[in-house]
Structures are given as C-alpha cells and as structure tokens.
Amino acid sequence: MDSRFPLRPRFAWLGRADSEAVPFALVEVLSLAMVALLAAAVRFYALTAVGFNSDEAVYAGQAAAMAQVPVLHDLFPIFRAHPLLFQFLLALLYAWHFSDVVGRSAAVAVGILTVLLTYAVARQLYGRFAGLAAALILALMPYHVVVSRQVLLDGPMTLFATLAYPLSVVLAGAHGGGTTKSYLVWQLFRRPNHLPDFYALVVPQAMGIAVLLAALAGLVLLYRERSWRELLLLCWIVVPVAFFTLWPTKGFQYLIPIAPAVAV
C-alpha cells in the first residue's frame, strides 16, 4: 500500500479493538442489510401506480424489440442514439416475461446496487460509519429514489457511464460513428430546453437541503485533514454539474450520478 494514499480513517472514535472485530463486523453486515432493505422498500412501494412515461416507454420498447416481444418488436427501433447496455440486460428479463413490473424492478435493482456501491466507496475513504451513513442517505434521498424507480438510463449511467456510450458507438460501426458525430454537433448547438440555472433551482430541493448542508459541513470539518479523497468527491460532483449546466439539453434526472458522491 502506498503510504502517500492511506485509506484508514484518522478518527479514533471509529476504531474497534481486535477482540470486537468479529461482532462489530456482524453488526456492520446486518446494518448494511437493513439499509438495503429500506432502499428496496421505498423504491418498490406503489411501483406501478403510475404507468410508463414517454422515456420509459422508449427504453422498455427497445428492450422488448431485442427480446422479440410480439407486436412491440416492430414498433421500436433498437438503436436511437442511446446506450444499449441496460436495454440489453432488460431484454434478458423480457424474454422470460414482459411487464411494467419487471422493467421497473430491474431499475430498482440497479438503484439498490448503487446504494451498496456508495457504502463501499465511503467505507474505503472514511471508514465503516461513513459507509453506512452515506448508504442510508442515498437510500432515502428523494432525487435518487424517484429516478431509480423508473426505466431510465440515468440510474444505470451512475454505474456504467464510462462504458455504455463508447461501446454503442463501436458496435454501430463506421457509419454509426459518423452519425454519432453529427448527432453530437446538433446537440451542442440545439436550442436549450431549460435556462442555465435549471439544476441550481431544482436539484438541491430534490436531494434535500439538509443533505447538502451536511455535505458542506463535512467539507469544512475535513478541511484541515483534506486529502485526495475530498478532491475525488469534489471532481465527481463538479464535473457533471458543469457539463450538464453548459449542455443545451437538460433533464431532471441527468445529475443523478453525483448523488453517491454527495451522500459520501
């Protein structure tokens, strides 16, 4: 382990004696299981009380087309400038059974995995307590709950953003790559659908003002012990915020990848 990048937290009150390691590890596992169950409960509650919105219909339709679901496979083109990894995984489920419940349950599963991944990141950076706290915050964060209940690409993007879009371009071949470049140019110069302050006005309320104040307090309290950890989390947040603020097309769910970093 490189001594310049220590991963053990400096907070002595988070430590445990070796004799307590086994029972405390059990408590940690049980606590994480409870957080995961809580995350599942708030996401599965009344999951299909409202039908698919337009975006969900497109993504579910693409998956149905891959799975050759009768009638639907003729209505939805598979490639529409969208990453296809999530639709492909969803198609495996649709080949077994097609329904709104299956589609949204897959999205919820991705959301729960993101909660667990947030625990792992925070634990690695700041210890067990931080891991469980960050996971609990994300599990109950309205912004993440709302988006991860829908068949959208933004939930899976949190996990697969670096892989899905380049992979779809490569699979499209030479002609697909040229089309993608034209599509990118059009997206950069198209008429904006929201003002630049859209995210500043909407996302803080969705994440929770208390959560954001706690995150700012965390930065202040860690200022004297600042390290690469805080720089990593700040870059994780600032880069997507800056990009989508400048990007002409703005969707409510586009900033969901920063939710784990805010929770940590």
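Any idea which of R80, R149 is surrounded by fewer than 21 Cβ atoms within 10 Å (Cβ to Cβ) and of a type in the set (D, E, K, R)? Outline the logic, then answer.
Working: R149 fails: surrounded by fewer than 21 Cβ atoms within 10 Å (Cβ to Cβ).
Criteria check complete, one pass: R80.
Go through segment 110-131 and count every residue that is part of a helix (DSSP H, G or I) and more than 27 Å from F86 (Cα to Cα).
If we filter segment 110-131 for residues that are part of a helix (DSSP H, G or I), which is where we start, we get 110-126, 128-131.
If we keep only those that are more than 27 Å from F86 (Cα to Cα) as well, we get 123-126, 128-130.
Adding up the residues that qualify gives 7.
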In segment 24-77, anything at pLDDT 95 or above, open to solvent by 60 Å² or more (accessible area, probe 1.4 Å) and of a type in the set (S, T, Y) is listed as Y45
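Check segment 241-251 and report whether any residue there is in a loop (DSSP other than H, G, I, E, B) and more than 21 Å from the chain's Cα centre (by Cα). Full working, then the answer.
First pass over segment 241-251, keeping only residues in a loop (DSSP other than H, G, I, E, B): 247-251.
With the extra rule that they be more than 21 Å from the chain's Cα centre (by Cα), the set shrinks to 248.
Yes: one or more hits.
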Is it the case, given these coordinates, that L125 is open to solvent by 70 Å² or more (accessible area, probe 1.4 Å) and either at pLDDT below 90 or under 17 Å from the mean Cα position of the chain (by Cα) (or both)?
no
Do any residues in segment 23-34 that are of a type outside the set (V, I, T) have Cβ atoms under 7 Å from those of residues that are open to solvent by 70 Å² or more (accessible area, probe 1.4 Å), where the two are at least six apart or on different chains, and which pairs are they?
F24/R16; E28/R128
Pull up segment 205-226, narrow it to residues that are outside any helix (DSSP H, G or I) and touching a residue at least 12 places away in the same chain (Cβ under 8 Å), then point me to the one that is surrounded by the fewest Cβ atoms within 10 Å (Cβ to Cβ).
E225
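The values are calculated or read from the model by the stated rules, or taken from the named source; none is laboratory data. Because the structure is predicted, anything quoted here is derived from the model rather than measured. Glycine also receives a Cβ, built like all others from the backbone with ideal geometry; neighbour counts cover every protein chain displayed. All accessible areas refer to the heavy atoms of the entire protein, side chains included, with ligands and DNA or RNA removed. Shrake-Rupley method; radii C 1.70, N 1.55, O 1.52, S 1.80 Å.
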